[in-house]
Every structure is written in C-alpha cells, then in structure tokens.
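Student: Take a look at this one; I'll ask things after.
The values are calculated or read from the model by the stated rules, or taken from the named source; none is laboratory data. Values in this document were obtained by computation on a predicted structure and should not be read as measured data. Ideal geometry is used to build each Cβ from the backbone, glycine not excepted, and the neighbour counts take in all protein chains shown. SASA here: full protein model, heavy atoms, side chains in, ligands and nucleic acids out. Shrake-Rupley method; radii C 1.70, N 1.55, O 1.52, S 1.80 Å.
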Amino acid sequence: FVGLNTPMLLISPAEPASLRKLGETSPLPEKHGADFLFTSPRGLIGCQRKEVRDLVASFRDDDRIAREIGQAKQLTQMVLLVEGDWDWSQEGGSCRVEGFTRPQLDGLLLSFQAHGWWVLHSATVAETAEVLRRMMSWFAKGSHLSLLSRPKSRAAWGVKQNKDWAVYAWQGFDGIGVTTAHA
C-alpha cells in the first residue's frame, strides 16, 4: 500500500456505501484512527469523518477521540472532516447538538489542531466525497508555494513606465524598502 505510484483510497467498512464507492473497503484505516487512508508524496494521510452529532458524542460519551488521536500518530498527516450544519441559535448554542455551544466548538477544533490534525468541513455526505477528492489532489502535489509567491503583475499595472509598479517591483529585493524604491 505505502509507496505505490498511484494513490489508492482505502475506506473503512463503517462508512456509507456512497463513500465506499470512492475506493477500496478495508479495515486498515481504522487501525490508524481514520475512516479514509491514502498515500501521497508526503507520506501516509488519514482522514476521520465526523458528522456533527457524532463528533460531540465521540468525546462526550466514549473514548473514540482519545483512541483515534493516539492511533493517528503513525501517519504523516491526519485530517478531521466535520460533516453537517451546526445550525447555531442567536444565543450561540447548536440546534443540532443539545448543550453544545460555538465557544465549545472553537475549543474542540483548536484542540484537534494542537494535536497536529488539520480540519476541513463539508455540508453533506455528497460534499464529503468531493472534499476527499480535492484533498487527495492537494496532497498529490509535491509542494505548495502559492502563499509565498507574489502575484503576477497585470498588463496595465506591470509596465516599467508605471512608477507605482516600479516601486512595488524594487521592494521585492532584500534591503530595499519603500523609500529607496521611490528614489
């Protein structure tokens, strides 16, 4: 499984049939605290899908979250995929999960992130399938540098006769600030 050139999505047998169609059903994801498991250039990636009610129940009512966090430590990256709508009241409580508030959700998601899990959201099972496809595509890329790159200049903006553009361009060099660039 690990090291294949073409990523294969392994899916827990406990997942809905519509999601099991996306890959091969296997008990292996559950051994890693995941519902979905696939390879990428970064390594072995897991995804735990939690419908909003199940997310709260999995830490309020039993030990599933604690167990899954421990099991996922074997993975390169774990992603929590929260599925559904919390339907918040004006007072900040969830209309879907009794006694659960927006501040509690913020704390819960920050706790997952503190354990190294990334968090994504989907509204429905159908959207979950799309999010899984996009996630696999994203992880299949070797690197992600778009946030570190400056946008390309637009035609009207990026001409050397435009002083504002020249000031912007000069500031891309180390040690040149706005004052030096204007000079």
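Student: Can you pull out the residues in segment 76-107 that are touching a residue at least 40 places away in the same chain (Cβ under 8 Å), open to solvent by less than 20 Å² (accessible area, probe 1.4 Å) and of a type outside the set (Phe, Trp, Tyr)?
Tutor: Correct list: MET78, VAL79, LEU80, LEU81, VAL82, GLU83, SER94, VAL97.
Student: I've got another one for you. Taking the options ALA72, ALA66, name whichever one is farther than 24 Å from ALA126 by Cα, buried (at least 18 other Cβ atoms within 10 Å of the Cβ) and either among the hydrophobic types (A, V, I, L, M, F, W, C) or without any contact (Cβ under 8 Å) to a residue 40 or more places away in the chain (or both). It would help to see each step written out before you state the result.
Tutor: On the way: ALA66 fails: buried (at least 18 other Cβ atoms within 10 Å of the Cβ).
Of the residues listed, the single one that is farther than 24 Å from ALA126 by Cα, buried (at least 18 other Cβ atoms within 10 Å of the Cβ) and either among the hydrophobic types (A, V, I, L, M, F, W, C) or without any contact (Cβ under 8 Å) to a residue 40 or more places away in the chain (or both) is ALA72.
Student: Quick one: count up the residues across segment 20-35 that are closer than 14 Å to MET8 by Cα, of a type in the set (A, V, I, L, M, F, W, C) and open to solvent by less than 20 Å² (accessible area, probe 1.4 Å).
Tutor: 0
Student: Exactly one condition in (1) open to solvent by less than 30 Å² (accessible area, probe 1.4 Å); (2) at pLDDT below 95; (3) over 30 Å from MET8 (Cβ atoms) is not met by ARG154; state its number.
Tutor: Exception for ARG154: condition (1).
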